[in-house]
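A short write-up of the structure that comes next.
The values are calculated or read from the model by the stated rules, or taken from the named source; none is laboratory data. Given the structure is predicted, the values throughout are model-derived calculations rather than measurements. No Cβ is skipped: glycine too gets one built from the backbone with ideal geometry, and neighbour counts run over all protein chains shown.
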Amino acid sequence: MFEYLFSQYRNYPKIDIILEIIGAIFGLWSVWLAKKDNILVFPTGLVSTFIYAYLLWQWELLGDSMINVYYFVMSIYGWYHWTRKKGNQDEFPIAVMNNKEKRIAFVLFTGTIIFVIIVYFYFNKFTNWYSYVDTFLTGLFFVGMWLMAKRKIENWIFWIIGDVISIPLYFAKGFTFTSLQFLIFTIVAIYGYLEWKKILNNSTIQEAQKF
């Protein structure tokens with residue numbers, strides 16, 4: 001079993017294996033902190049996304065690399081967004097998407113897929129089945145990260161769908177550690193959604209009691 005899961009690492013540079021493990025650990029830590037609605041989700045995420053952006057570029061997985069560059073930028077934005085206060089209260093607490101944000105999410109999803117398709121055609125990367133899945137995943141994860149930075153509960157739905165697809169995808173690509181990371185991501189994302197929903201319901205009750 002061990003040979004089946006990890007034999008693909010036999011010819012990898014040791015530094016890449018070490019970096020993938022570190023990136024996976026920080027990625028898992030970041031998702032756990034997101035579940036807890038803890039602002040440290042962003043600095044830990046910055047470490048993970050920086051490592052993965054580099055590794056995925058080395059592995060010529062352009063769509064995946066672009067996702068992580070985007071994550072890096074959105075983590076900086078989200079870090080700033082979550083720190084904003086109104087008095088002693090968060091200016092942007094956990095909330096649901098409004099109609100304007102739904103339209104933006106649709107445009108972001110569609111625009112991202114079109115952009116990735118153009119990039120893949122330009123670099124002639126549509127050479128196997130998972131290149132096509134990459135384009136769809138990039139759209140999902142772009143929207144998921146934007147919604148998390150905006151502190152919208154729907155971000156977890158996009159993460160869960162994308163994580164479930166990524167488990168077999170990364171295993172097929174030969175990156176077992178990353179595949180296992182996405183398996184854990186899926187579990188944590190489900191609990192993250194439930195925990196955010198509980199926080200949102202409690203805040204709604206508190207607001208109603210004021211009146």
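Condition test on Phe72, is it surrounded by 12 or more Cβ atoms within 10 Å (Cβ to Cβ) and part of a helix (DSSP H, G or I)?
Yes: the conditions hold for Phe72.
If I filter region 151-180 down to residues being over 14 Å from the mean Cα position of the chain (by Cα) and hydroxyl-bearing (Ser, Thr, Tyr), which single residue comes out as surrounded by the most Cβ atoms within 10 Å (Cβ to Cβ)?
Tyr170
Among the residues of region 111-128, how many are more than 19 Å from Ala172 (Cα to Cα) and either of a type in the set (Asp, Glu) or not in a helix (DSSP H, G or I) (or both)?
Total satisfying the criteria: 2.
Can you give me the number of residues within region 19-66 that are on the phi < 0 side of the Ramachandran plot and outside any helix (DSSP H, G or I)?
6
Say we look at region 109-123 and pick out the residues that are touching a residue at least 24 places away in the same chain (Cβ under 8 Å) and farther than 19 Å from Ile161 by Cβ; which of these is surrounded by the most Cβ atoms within 10 Å (Cβ to Cβ)?
Looking at residues that are touching a residue at least 24 places away in the same chain (Cβ under 8 Å) and farther than 19 Å from Ile161 by Cβ, I get Tyr120.
Residue under question is Ile25, and the condition is that it be of a type in the set (Val, Ile, Thr) and surrounded by fewer than 13 Cβ atoms within 10 Å (Cβ to Cβ); does it hold?
no
Looking at (1) at pLDDT 85 or above; (2) part of a helix (DSSP H, G or I), which is the one condition that is false for Pro93?
Of the numbered conditions (1) at pLDDT 85 or above; (2) part of a helix (DSSP H, G or I), the odd one out for Pro93 is (2).
Do any residues in region 182-198 that are in contact (Cβ under 8 Å) with a residue 24 or more places away in the chain have Cβ atoms under 6 Å from those of residues that are β-branched (Val, Ile, Thr) and surrounded by 15 or more Cβ atoms within 10 Å (Cβ to Cβ), where the two are at least six apart or on different chains, and which pairs are they?
Phe185/Val31; Thr186/Val164; Val188/Val31; Ala189/Ile160; Trp196/Ile94; Trp196/Ile153
Select from region 42-69 the residues that are hydrophobic (A, V, I, L, M, F, W, C) and modelled with pLDDT under 85 and write down the one among them that is surrounded by the fewest Cβ atoms within 10 Å (Cβ to Cβ).
Here the answer is Trp57.
Of the conditions (1) loosely packed, with under 15 Cβ neighbours inside 10 Å; (2) assigned to a helix (DSSP H, G or I); (3) touching a helix residue (DSSP H, G or I) at 6+ places or on another chain (Cβ under 9 Å); (4) modelled with pLDDT of 85 or more, Gln8 clears all except one; give me its number.
With (1) loosely packed, with under 15 Cβ neighbours inside 10 Å; (2) assigned to a helix (DSSP H, G or I); (3) touching a helix residue (DSSP H, G or I) at 6+ places or on another chain (Cβ under 9 Å); (4) modelled with pLDDT of 85 or more applied to Gln8, the lone miss is (4).
When you go through Ile165, Ile114 one by one, which is the residue that is under 25 Å from Leu46 (Cα atoms) and at pLDDT 90 or above?
The unique qualifying residue is Ile165.
Of everything in region 75-108 that's among the hydroxyl-bearing types (Ser, Thr, Tyr) and surrounded by fewer than 18 Cβ atoms within 10 Å (Cβ to Cβ), which residue is nearest to Gly144 (Cα to Cα)?
Among residues in region 75-108 that are among the hydroxyl-bearing types (Ser, Thr, Tyr) and surrounded by fewer than 18 Cβ atoms within 10 Å (Cβ to Cβ), the one nearest to Gly144 (Cα to Cα) is Tyr77.
Given the condition among the charged types (D, E, K, R) and surrounded by 20 or more Cβ atoms within 10 Å (Cβ to Cβ), answer yes or no: does some residue in region 181-197 qualify?
Scanning region 181-197, I find no residue that is among the charged types (D, E, K, R) and surrounded by 20 or more Cβ atoms within 10 Å (Cβ to Cβ), so the answer is no.
Out of curiosity, is Ser131 touching a residue at least 40 places away in the same chain (Cβ under 8 Å), in a helix (DSSP H, G or I), over 18 Å from Asn68 (Cβ atoms) and among the hydroxyl-bearing types (Ser, Thr, Tyr)?
No; evaluated as a whole, the condition is false for this residue.
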